[in-house]
Each structure stands twice: as structure tokens, then as C-alpha cells.
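Inspection log for the structure reproduced underneath, given as C-alpha cells.
The values are calculated or read from the model by the stated rules, or taken from the named source; none is laboratory data. In this text the structure is predicted, and so the values were computed from the model without any measurement. Cβ placement follows ideal geometry from the backbone for every residue including glycine, while neighbour counts extend to all protein chains displayed.
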Amino acid sequence: MKQMYVYIMASKRNGTIYVGVTSDLVKRVWQHKNHIVKGFTDRYKVNQLVYYEVWQDELGAIQREKTLKHYGRNKKKDLIESFNPLWQDLYEVIIK
């Protein structure tokens, strides 16, 4: 069983938000930051990791991602702020 991550990226505090799931959080955030994958996060400059959860269950992580994607914007903001009140980029935290 591999470890999974559900994460939220933002363009800036209270900016555009993206929810994703991955088995390699460091690599995936690096891809967002370096615009490796063209699409939503590249187009809207969404490159700051502001929230993440660790999951031991792949299916549970995928379901959680789907749940978060259906949250309204305010509920997503509340979740981010409960974990990261200043919306700091957590990339430096995860690469250590």
C-alpha cells in the first residue's frame, strides 16, 4: 500500500485554488511550480502548496479529493486556514 496525498494549491492568498491527489507530493508540487504540465494550474499560475493531507489508503485519498473538489470556495478557504492560517507556501516544509 502506497502513501497518498490530497493537496490544495493556490495562486496567492485568497486566489485561485486547485485540489489534487498524488503519491509523490514533492514531485507533483515541483511540476506545478515549474509549469511542467500544461493546463489549469499553469494557466492560472497556481503554484503555492497551501494544504495537504497524508493518506495510507489510495481509494480513500481519491474519494477525499473528490469531496474537496465539491466543497464551495468558502469551505475550501476555511479548511486551508485551519491548517495554514497565513496561506504560506508549504513546499519548503515538505522537501526537508
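Residues that are over 15 Å from Arg28 (Cα atoms) and in contact with a strand residue (DSSP E or B) (Cβ under 8 Å, 6 or more places away or on another chain) within segment 45-59 comprise Trp55, Gln56, Asp57, Glu58, listed in sequence order. If the condition is being hydroxyl-bearing (Ser, Thr, Tyr) and more than 12 Å from Ile17 (Cβ to Cβ), then segment 59-96 contributes Thr67, Ser82, Tyr91.
Of the residues Val50, Val54, Val46, the single one that is loosely packed, with under 14 Cβ neighbours inside 10 Å and either of a type in the set (A, V, I, L, M) or on the phi < 0 side of the Ramachandran plot (or both) is Val54.
What number of residues within segment 32-41 are under 12 Å from the mean Cα position of the chain (by Cα) and of a type in the set (S, T, N, Q)? Residues meeting the conditions: 1.
Considering only segment 6-13, I want to know if a residue exists there that is farther than 24 Å from Leu86 by Cα, in contact (Cβ under 8 Å) with a residue 12 or more places away in the chain, surrounded by 14 or more Cβ atoms within 10 Å (Cβ to Cβ) and touching a helix residue (DSSP H, G or I) at 6+ places or on another chain (Cβ under 8 Å). Give the derivation first.
First pass over segment 6-13, keeping only residues farther than 24 Å from Leu86 by Cα: none.
No: zero hits.
Only a single criterion out of (1) touching a residue at least 60 places away in the same chain (Cβ under 8 Å); (2) surrounded by 14 or more Cβ atoms within 10 Å (Cβ to Cβ) is not satisfied by Tyr18, namely (1).
When the helices (runs of 4 or more DSSP H) confined to segment 17-96 are screened for residues that are modelled with pLDDT under 95 and among the β-branched types (Val, Ile, Thr), those reaching at least 1 such residues are found at 40-43, 91-94. With respect to the conditions (1) surrounded by 13 or more Cβ atoms within 10 Å (Cβ to Cβ); (2) free of Cβ contacts under 8 Å to residues at least 60 places away in the same chain; (3) at positive phi, Ile62 lacks only one, and its number is (3). Would it be correct to say that Lys2 is at negative phi and over 12 Å from the mean Cα position of the chain (by Cα)? It is true that Lys2 is at negative phi and over 12 Å from the mean Cα position of the chain (by Cα).
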